[in-house]
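Comments concern the structure below.
The values are calculated or read from the model by the stated rules, or taken from the named source; none is laboratory data. Source: prediction; values computed, not measured. Using ideal geometry, Cβ is built from the backbone for each residue, glycine included, and neighbour counts are taken over all protein chains shown.
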Amino acid sequence: MPRRSPSPLALGIVDCYVLDDRKTAILGAVVQEYITTAQPVGSSHIAQAPGVGVSPATVRNEMVVLEQEGYLVQPHTSAGRIPTDKGYRFFVDHMARPGRADATTQRQVGEFFAAAHGRLEEMLHHTSDLLTRLTHNAAVVLGPKADEAVIRSAQFVRLSTTAATVVLVFANGSVVNEVIAIDDEASDAALAAASAHLAQHLVGMTLAGAQVPESGSATTDTLVERALDELRQHTTDDQAIVGGVSTMAEAFDAVEVVRQVLHTLEQQFVVVSLVRDIVDRGMSVAIGVEHGVEPLSACSVVVAPVVVDGEHLGSVGVLGPTRMNYPQALATVDIVSDSLGRRLGEG
C-alpha cells in the first residue's frame, strides 16, 4: 500500500474550508481530466463525468467557488480551468485512494528484480530506468552509502611495481576499488600480508566504524593506512542516480520552465537534498512549491524510503509535472522501493 503524506492541515497549505461531496467530485473530475489531456477543462465536459450528475450551469457555478477557494485557476478568459497545487493536494489526500500497482506493473517489477544481479551501482541505474519506463517521469534512486554497508571481503591487488588497488566488496552488492602508491620494495608477500591484516579487521564491519590496529610490520601498516585514507575519501558520498531526464522536456510547453528543470536535475546535491528532505518530513508526495526548490515549482515528487531490516538505506522516487498521475506514481514507487529493499536484504 502506498505510503501517504501528512494531512493537508499538518502541511499548513490549506485553510479550514471543507469541500462538500459535489465540489469534491467536480474537483476530482477536473484533476483527472487535466492529468490526461493537459488542457483546461470546461464545465460541459465535467457535467458528463462519472459521479458528477449535475447540469453544466451548476458545474460552472461550483467551479467559480473552487477557483475562489484556490483549488482551481482559469489560465485564460473564456478558457476552462486547471488545478492549482492546493487542488492537487486535496486530490492526493482525499481522492487518490491507496492501492496496489496493476498486474502488468507487478509482473514487470517482479521480473526485473528476479533477474537483477551484479554490482549495486548497475542495479540502481537499471532501477531508475525501470521507474521511468513505468511512470514516464524522471526517476531518482538513492542507494546506501558504501561506508555504511557491511564489508564482505577486502584485498590488495598489484597493478605495477609502484601501484596497487585495494578492493572492498560489500554485503549490499557494491564494490569499491581505489588505487594507491606502493614502494618499489613491496613484494607480493607483503601485499598478501597487508590483505590478510586488512580483511581480518574489516570483514563483518562497516568502513565508517572499522578500526584497524597496527600490525607490527611497517610495510603492512603503510599500505593499510594509504588504503583506508583513499577509501574513506571516496565512500561517503550518496549513490544518487537520476534517470529519464529527457521526459521532462516533453512535459512542459514553456521553454524557460524546461531549461530550469533540466538545469536543476543536473545538480546532484540539490536532487539528493530534495529527496532526503521530503522523506525526513514524513511525506510521500510533495507538490509544486511544497518541496521548496523554486526552479522545480512546476514539478511534483513522489518518493518512498528503501528499508532493509528496519533500517533506511536509500530512497526511490519519480519527479514529473504537477499534473502527473499520482495514484499510478504512488503505487509504482511503493512496489519498486519494497522490491529493492528485499533485493538489498538478500545481498
Which one of these is surrounded by fewer than 18 Cβ atoms within 10 Å (Cβ to Cβ), under 30 Å from residue 328 (Cα atoms), among the charged types (D, E, K, R) and out of contact with any helix residue (DSSP H, G or I) (no Cβ under 8 Å at 6 or more places or on another chain): 188, 129? 129
Check whether at least one residue in region 204-211 is outside the structural domain of residue 120 (by TED's automatic domain parsing), on the phi < 0 side of the Ramachandran plot and at pLDDT 90 or above, and report yes or no. no
Within region 174-185, of all residues that are part of a loop (DSSP other than H, G, I, E, B) and modelled with pLDDT of 85 or more, the one surrounded by the most Cβ atoms within 10 Å (Cβ to Cβ) is 182
Could you please give the count of residues in region 99-117 that are part of a helix (DSSP H, G or I), without any contact (Cβ under 8 Å) to a residue 12 or more places away in the chain and more than 19 Å from residue 326 (Cβ to Cβ)? 4
Can you report the number of residues in region 264-301 which are among the charged types (D, E, K, R) and under 11 Å from the mean Cα position of the chain (by Cα)? 1
Residue ID - modelled with the lowest pLDDT, chosen from residues in region 92-106 that are touching a Pro at 6+ places or on another chain (Cβ under 7 Å) and surrounded by 13 or more Cβ atoms within 10 Å (Cβ to Cβ): 99
Within region 56-79, work out how many residues are in contact (Cβ under 8 Å) with a residue 40 or more places away in the chain, within 35 Å of the chain's Cα centre (by Cα) and assigned to a helix (DSSP H, G or I). 1
Tell me, which strands (runs of 3 or more DSSP E) lie completely within region 118-173 with 2 or more residues that are assigned by TED's automatic domain parsing to the domain that holds residue 335 and in contact (Cβ under 8 Å) with a residue 12 or more places away in the chain? 138-143
So, residue 96, is that one outside any helix (DSSP H, G or I), touching a residue at least 60 places away in the same chain (Cβ under 8 Å) and either touching a helix residue (DSSP H, G or I) at 6+ places or on another chain (Cβ under 7 Å) or outside the structural domain of residue 326 (by TED's automatic domain parsing) (or both) or not? yes
Lone qualifier among 298, 304 - being in the same structural domain as residue 329 (by TED's automatic domain parsing) and within 16 Å of residue 322 (Cβ to Cβ): 298
Could you figure out which of (1) surrounded by fewer than 18 Cβ atoms within 10 Å (Cβ to Cβ); (2) touching a Leu at 6+ places or on another chain (Cβ under 7 Å); (3) at pLDDT 85 or above isn't true of residue 232? (3)
